[in-house]
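First, the structure itself, so that you have it in front of you.
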Amino acid sequence: MISDTNENCMQPHIQPTTRPITLANRWDHFLARWGVNRSGHRVEPGLYALGNPTADSPVFVTANYTLSFDALRSALAGVGGYIMVLDTQGINVWCAAGKGTFGTDELVHRIEATALHDVVSHRVLILPQLGAPGVAAHEVKKRSGFKVEYGPVRAADLPEYLKTHMATPEMRRVRFALRDRLILISVDLVHVLLPMLIAAVVLFFFSGFLASAGAVVAILAGVVLFPILLPWLPTRDFSSKGFILGGLVALPFALVTLLGNPGATWWRQVGAALTYLLALPPVTAYLALNFTGSTTFTSRSGVRREIFTYVPVMAWMFGTGIVLIIVLSLI
Amino acid sequence: MFNISVFNTLQYDPELCIGCEMCSLVCPHAVFAMNGRVAQPVRPEACMECGACQLNCLTDAITVESGVGCAAAMIYAALTGKKEPTCDTGIESSCFSSE
């Protein structure tokens with residue numbers, strides 16, 4: 001638990017912090033990326049001194065998520081200053097801003113709780129740009145006297161930003177490059193692991209190895225291949241991209257079934273091949289649709305429209321595929 | 001085929017704009033740019049409805065139904081009949097790489 005003993009005391013309580021990221025920090029980041037103790041990667045909210053700041057030093061605001069805090073302090077090479085950590089319940093800046101926990105109220109409260117007025121002589125706070133969905137800059141000014149300055153999206157751009165206090169258009173844009181997408185795979189993989197194992201075991205005993213492998217491949221295509229291939233899959237929306245990818249990975253299973261068992265009757269073989277083409281693509285497409293929540297650019301209206309358009313198709317295809325499997329096993 | 005970002009709820013009244021530039025600073029997709037003393041939506045189709053511009057607009061010139069574009073949260077809400085949650089699981093990872 002986070003102790004917040006300086007809450008009721010108006011004396012400035014400033015903790016020291018340093019720039020280097022230790023091995024322990026890196027281990028903590030690793031665990032966070034694998035979804036271990038998801039909400040437990042926290043920094044105590046409050047005011048931190050980096051280097052030997054004076055009353056004129058800049059104040060940077062961040063979330064009490066270790067990855068956010070560590071990205072900020074490690075980026076401030078040669079810059080002394082104060083870091084004010086808001087209580088966002090262990091959630092990063094952008095998501096916490098969306099929820100409102102990285103917000104106007106918490107910011108104003110934290111300014112008072114840390115007695116920031118007595119620590120610095122100026123009245124400027126540098127916030128990450130992605131804190132803006134939760135913070136009304138003019139409200140903060142009115143309620144606390146502090147002017148909110150929105151810095152760059154990425155902490156790594158801060159040293160460059162601080163030279164002029166003007167962000168370049170590039171600094172103001174979120175990205176979603178291959179590296180950003182790769183980092184997300186591990187957490188989604190952890191989420192699907194148990195359902196994937198259950199599906200694989202059930203299908204192995206019900207239909208055999210090929211069906212079991214098909215399910216595993218369709219799921220892995222959705223959570224591993226899809227994030228990697230996102231910009232290169234044709235079409236624009238996530239579901240149809242997912243259907244295309246799911247169709248591609250289902251095709252070999254359908255072909256092996258169709259051609260690999262010459263003794264069986266033709267309609268039984270066609271039916272068995274069809275089960276792969278019906279049941280697997282919607283699984284990949286559904287996981288692809290769920291990836292919208294991890295991206296940096298999908299809107300709520302767009303995702304809603306996609307759900308209404310494609311989820312019924314996914315459900316019908318998947319349902320028909322399952323019914324076909326059962327029928328074929330009975331006749 | 002529709003573009004996922006074409007359909008959004010962003011609305012803007014340039015008559016109310018006082019040219020403070022806030023919207024052009026906070027938008028992570030460069031939807032707004034300054035055209036002289038007035039902000040202009042130059043990439044409205046890129047809006048992801050995060051709500052940053054609306055919240056930081058002094059004159060309420062911008063409105064948008066802000067929310068999180070996360071299918072898992074919306075499907076969960078639809079199935080359980082509960083109020084749409086903000087993404088507690090997947091979306092957190094989306095801004096790992098940022099500050």
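Read the figures in this text as sums done on the coordinates, not as results from a lab. Small disclaimer: the values here were computed from a predicted structure and weren't measured. Quick reminder, even Gly has a Cβ in these numbers, built from the backbone with ideal geometry, and neighbours come from all protein chains shown.
Need one value for A:136-146: mean number of C-beta atoms belonging to other chains within 10 Å of its residues' C-beta atoms. All intermediate terms of the calculation are to be shown ahead of the outcome.
Details: counts 7, 7, 6, 3, 0, 0, 0, 0, 0, 0, 0.
Average per residue, whole number: 2.
Let me ask you something else. Only Lys, Arg, Asp and Glu count, each charged at its Cβ (+1, +1, -1, -1), so figure out the dipole size of the range A:145-288 about its Cα centre, rounded to 20 debye.
Using only the charged Cβ atoms, the result is roughly 180 debye.
With charges set only on the Cβ (+1 for Lys and Arg, -1 for Asp and Glu), what does the dipole of the range B:1-67 come to about its Cα centre, in debye to the nearest 20?
200
Moving on. To the nearest 20 debye, what charge dipole does chain A have about its Cα centre, counting +1 at the Cβ of each Lys and Arg and -1 at the Cβ of each Asp and Glu?
The dipole magnitude comes to about 740 debye.
Taking 0.36 nm per intervening residue step and subtracting the Cα-Cα distance, what contour gain separates residue A:206 from residue A:322 on full extension?
Full extension of this stretch gives 40.6 nm more.
I'd like the FRET efficiency for residue A:197 and residue A:105, computed as 1/(1 + (r/R0)^6) with the beta carbon distance as r and R0 of 45 Å, rounded to 0.05.
Details: r = 43 Å, r/R0 = 0.97.
Approximately 0.55, to the nearest 0.05.
Across peptide B:61-69, what mean number of C-beta atoms from other chains lies inside 10 Å of a residue's C-beta?
4
Right, another one. Which residue, chosen from A:16, A:121, A:92, occupies the Cα position most advanced towards the positive end of the dipole of the range A:5-172, where the dipole is computed from +1 (Lys, Arg) and -1 (Asp, Glu) charges on Cβ about the Cα centre?
A:92
Please give the helix A:266-290 orientation as an angle from the longest Cα principal axis of chain A, in degrees from 0 to 90, rounded to the nearest 10.
10
Now, a different point. Could you work out the relative contact order of the range A:5-172? I mean the mean sequence separation of Cα pairs under 8 Å and 6+ apart, divided by the number of residues, in percent.
Relative contact order comes out at 22 percent.
Let me ask another. Working from Cα positions, state the angle (0 to 90°, nearest 10) between the long axis of helix A:209-220 and the longest principal axis of chain A.
The angle comes out at about 30 degrees.
Something else now. Which values, in whole Å and largest first, are the semi-axes of the equivalent ellipsoid of the range A:178-330 obtained as the square root of 5 times each eigenvalue of the Cα gyration tensor?
One finds semi-axes of 29, 16, 14 Å for the range A:178-330.
Oh, and also: Roughly how far apart, in whole Å, are the Cα centres of the range A:151-192 and the range A:205-247?
27
Report the semi-axes of the equivalent ellipsoid for the range B:1-67 in whole Å, largest first, where each axis is √(5λ) for an eigenvalue λ of the Cα gyration tensor. Please list the in-between numbers first.
Numbers: eigenvalues 75, 29, 20 Å².
Semi-axes (√(5λ), whole Å): 19, 12, 10.
Also: Using 24 Å as the Cα-Cα cut-off, could you pick out the over-long pairs in A:99/A:142; A:99/A:163; A:142/A:163?
A:99/A:163; A:142/A:163
How big is chain A by the Kirkwood estimate over distinct Cα pairs, in Å?
22.8
Where is the GNM fluctuation largest for chain A (alpha-carbon springs, 10 angstrom cutoff): A:59, A:256, A:192?
Highest fluctuation of the listed residues: A:256.
Once the dipole of chain A is set up with Lys and Arg at +1 and Asp and Glu at -1 on Cβ about the Cα centre, which of A:197, A:242, A:152 lies farthest towards its positive end?
With unit charges placed on the Cβ atoms, the residue in question is A:242.
If you take every residue apart from residue B:18 with its C-beta less than 14 Å away from the C-beta of residue B:18, what net charge results, scoring Lys and Arg +1 and Asp and Glu -1? Display every interim value, and only then the final one.
Details: positive: B:37; negative: B:13, B:15, B:21, B:60.
Summing Lys and Arg as +1 and Asp and Glu as -1 gives -3.
Using a Gaussian network model on chain A with a 10 Å cutoff between Cα atoms, which of A:314, A:166, A:84 fluctuates the most?
Per the Cα network of chain A with a 10 Å cutoff, A:166 tops the list.
How far is it, in nm, from the label point at residue A:24 to the one at residue B:15 when both lie 7 Å from their Cα along the line to the Cβ?
Output for this residue pair reads 6.1 nm.
Further, regarding this structure: Three principal axis extents, largest first, for the C-alpha atoms of the range A:1-158, in Å?
Sorted from largest, the Cα extents of the range A:1-158 read 41, 33, 33 Å.
Expressed as a whole number of Å, what is the distance separating the alpha-carbon centroids of the range B:1-74 and the range A:56-85?
Using only Cα atoms, the two centres lie 28 Å from each other.
I've got another one for you. Please find the FRET efficiency linking residue A:261 to residue A:166, where r is the Cβ-Cβ separation and R0 is fixed at 45 Å, and quote it to the nearest 0.05.
For R0 = 45 Å, the calculated efficiency reads 0.10.
As a test of the formula, what do you get for the protein assembly as shown when each DSSP H run with n ≥ 4 contributes -39,500 (n - 2.57) and the sum is divided by the residue count, at 222 nm and rounded to the nearest 500 deg cm²/dmol?
-14500 deg cm²/dmol
Pick from A:50, A:23, A:220: which residue has the top mean-square fluctuation in a GNM of chain A where Cα pairs under 10 Å get a spring?
Of the options given, A:23 has the highest mean-square fluctuation.
Roughly how tilted is helix A:104-113, in degrees to the nearest 10 and between 0 and 90, from the longest Cα axis of chain A?
40
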